[in-house]
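Peer 1: So that we are looking at the same thing, I have put the structure below in structure tokens.
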Amino acid sequence: MPDRNALELEQVTKRIKKQTLVQPVSFTLEPGRVLALCGGNGAGKSTILRMIAGISRPSGGTIRINGMEWARHRKECARSIGYMPDDFQFGDALTALETLRFYGSLRDASGERVNELLRMTGLEEVRHKKVSAFSKGMRQRLLFAQAMLAKPPVLVLDEPTNGLDPYWMDSFSALVRQSAEDGLAVVFSTHQLNVAEQAADRVVFLDAGYVRYAGPVAPLKEQYRNNGGLYGAFADLVVQRA
């Protein structure tokens, strides 16, 4: 077992003016494990991930990356995270290869690593194609590749399967599981419960900023095996409470 968690959230909240976007949320994630944040629009998924990635500061509570508090060790925490935003506009004049080389230079990633990620994400054949001509799914794969450049201990992915076709949705799950086997801690958000069921060890169900369930996936799959798996669990634990 690892000596410490890769990621810890302790009573983390987020408020903007008088509106509370995230009620107190706590969870931990060990190296080699995958956690999925599940919920609909406005549930608080992206807000939590932006706080984990250091883009947004919590209104309360503590976030630790490899035992280090974000508030005290921002540079060290930032170096330990690979972040994939929900949406991002790459420089349209650059090709996929040029884009990854640019971001690789910021993270001290080698040319070999860039080429490896182009292969992993199925973009090798379009490496010289301008990103402006990419489909939504291809941009998502490029975003995933840039998040992986530095082989970060903690991988933070916001709605990574949006726009992916069924083949690459399955491939995403396989890439996430492989990342976990390589020792990374992966946290991602999704409203696609089948992806969470395939890729995650643990799940957090969110509803309007509240945590309705936080725990392992396996017991839910077993409990709801005759009622839709995680879909049935989400309907029971979240939808019926609304």
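The values are calculated or read from the model by the stated rules, or taken from the named source; none is laboratory data. Predicted, not measured: the structure shown is a model, and the values here were computed from it. Backbone-built Cβ (ideal geometry, glycine too); neighbour counts: all protein chains shown. Protein only, heavy atoms only, side chains kept; ligands, DNA and RNA dropped before computing areas. Shrake-Rupley method; radii C 1.70, N 1.55, O 1.52, S 1.80 Å.
Peer 1: How much accessible area per residue does the range 1-46 have, counting only protein heavy atoms and a probe of 1.4 Å, in square angstrom?
Peer 2: Numbers: 2530 Å² over 46 residues.
With the other protein chains kept in place, the range 1-46 gives 55 Å² per residue.
Peer 1: Who wins for biggest fluctuation among LYS221, LYS130, LYS18 in a Gaussian network model of the chain, springs between alpha carbons below 10 Å?
Peer 2: LYS18
Peer 1: Comparing PRO153, PRO166, PRO24, which has the greatest mean-square fluctuation in the GNM of the chain with Cα pairs linked when under 10 Å apart?
Peer 2: Sorting by GNM fluctuation, first place goes to PRO166.
Peer 1: Where the centroid of each part is defined by its Cα atoms, how far is the range 168-188 from the range 51-73 in Å?
Peer 2: What the calculation gives is 23 Å, centre to centre.
Peer 1: Among THR190, VAL34, ALA53, flag the residue with its Cα farthest along the positive direction of the charge dipole of the chain, charges on Cβ as +1 for Lys/Arg and -1 for Asp/Glu.
Peer 2: Sorting the options by dipole projection puts first ALA53.
Peer 1: Could you pull out every residue, at least 5 positions away or on a different chain, whose amide H is within less than 5 Å of the one on TYR210? Hs are placed 1.01 Å off N in the peptide plane, and Pro or chain starts have none.
Peer 2: Amide H neighbours of TYR210: GLN23.
Peer 1: Could you run the Debye sum over the Cα atoms of the range 1-110, one equal point scatterer each and no solvent, and tell me log10 of I(q)/I(0) at q = 0.10, 0.15, 0.17, 0.18 Å⁻¹, two decimals?
Peer 2: Debye intensities relative to I(0), on a log10 scale: -0.36, -0.77, -0.93, -1.01.
Peer 1: Determine the relative contact order of the chain: mean sequence separation of Cα pairs under 8 Å and six or more apart, normalised by residue count, in whole percent. Intermediate results must be reported in sequence, preceding the final value.
Peer 2: Numbers: 465 pairs, mean separation 64.0, N = 242.
About 26 percent, as a whole number.
Peer 1: Put a dot 7 Å past each Cα toward the Cβ at ARG177 and PHE88; how far apart are the dots in nm?
Peer 2: Label at PHE88, label at ARG177, 2.6 nm between them.
Peer 1: Related question: Leaving out ligands, DNA and RNA, what percent of the accessible area of the range 73-172 is carbon and sulfur, probe 1.4 Å? Walk me through the numbers on the way to the answer.
Peer 2: Numbers: 2440 of 4790 Å².
Its accessible area is 51 percent carbon and sulfur atoms.
Peer 1: In debye, nearest 20: dipole of the chain around its Cα centre with unit charges on the Cβ of K, R (+) and D, E (-)?
Peer 2: Values: 31 positive and 26 negative charges, 164 e Å.
Computed charge dipole of the chain: roughly 780 debye.
Peer 1: Keeping every protein chain present and rolling a 1.4 Å probe, give me the accessible area per residue for the range 151-242 in Å². Let's see the in-between values first.
Peer 2: Details: 4040 Å² over 92 residues.
Computed with neighbouring chains in place, this is 44 Å² per residue.
Peer 1: Another question, then. Taking the 0 to 90 degree range and rounding to the nearest ten, how far is the long axis of helix 96-106 tilted relative to the main principal axis of the chain, both from C-alpha atoms?
Peer 2: Approximately 70 degrees, to the nearest 10.
Peer 1: In the chain, what % of DSSP beta bridges are antiparallel (nearest 5)?
Peer 2: On the way: 21 of 38 bridges.
Percent antiparallel among DSSP bridges in the chain is about 55.
Peer 1: Can you pick out the pairs among LYS45/LYS129; LYS14/LYS45; LYS18/LYS45; LYS75/LYS151 whose Cα atoms lie more than 21 Å from each other? Working shown, then result.
Peer 2: Details: LYS45/LYS129 32 Å; LYS14/LYS45 12 Å; LYS18/LYS45 19 Å; LYS75/LYS151 16 Å.
Too far apart for the 21 Å limit: LYS45/LYS129.
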